[in-house]
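Notes follow once the structure below has been shown.
Values in this text are rule-based calculations from the coordinates and carry no lab data. A quick note: this is a predicted structure, and the numbers were derived from the prediction, not measured. Methodologically, a virtual Cβ is constructed for each residue, glycine included, from the backbone with ideal geometry; neighbour enumeration extends over all protein chains shown.
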Amino acid sequence: MGYLNRYLLLLAFNVFNIVAFGGIVSVAIINIVDHQAPTNLIIYYAYTGLLSLALLLSEVRAPRLLNAQARFLFTYTGRGIVLTYFGCIVYTNKLFNIIACIYVVSLGVVYLVVAWTPFVPMQHGLL
């Protein structure tokens, strides 16, 4: 990788993930509190927010259960698919939601592209 340190790259990816999952949680909370969505969408937003909060907490220290049962979350392809899905499911026509969803979907696409590069190691938690 030359001058670019792998650990610095992984730290940058962890920060990008924390911002993305925090954005999804905040968008989900805003959509739930807004009271303009039907009940089934409120349930989608609640599940998406809770899963994103769990993934946000797992960015700091990944639990062994998550590492054993949901191994795809530690690959760039799996992380890209999850981010793209979460970014699409919480989309509404509000400015903050649009900005957050574009960021999350773009990060998911970046992860799908990074999955094809062989020199970037797999991600784990910060600790």
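Translational D (Stokes-Einstein, µm²/s) of the chain at 25 °C and 0.890 mPa s when Rh comes from the Kirkwood sum over C-alpha pairs? Here the translational diffusion coefficient equals 163 µm²/s. If a spin label sat at a point 7 angstrom from the Cα of F96 along the line to its beta carbon, the backbone N atoms of region 44-85 nearer than 17 Å would be those of 45-46, 49-50, 53.
About its Cα centre, the dipole of the chain is roughly 280 debye, where the only charges are +1 on Lys and Arg Cβ and -1 on Asp and Glu Cβ. Note on I43 and N5: with the Förster distance fixed at 41 Å, the Cβ-Cβ geometry gives a FRET efficiency of about 0.45.
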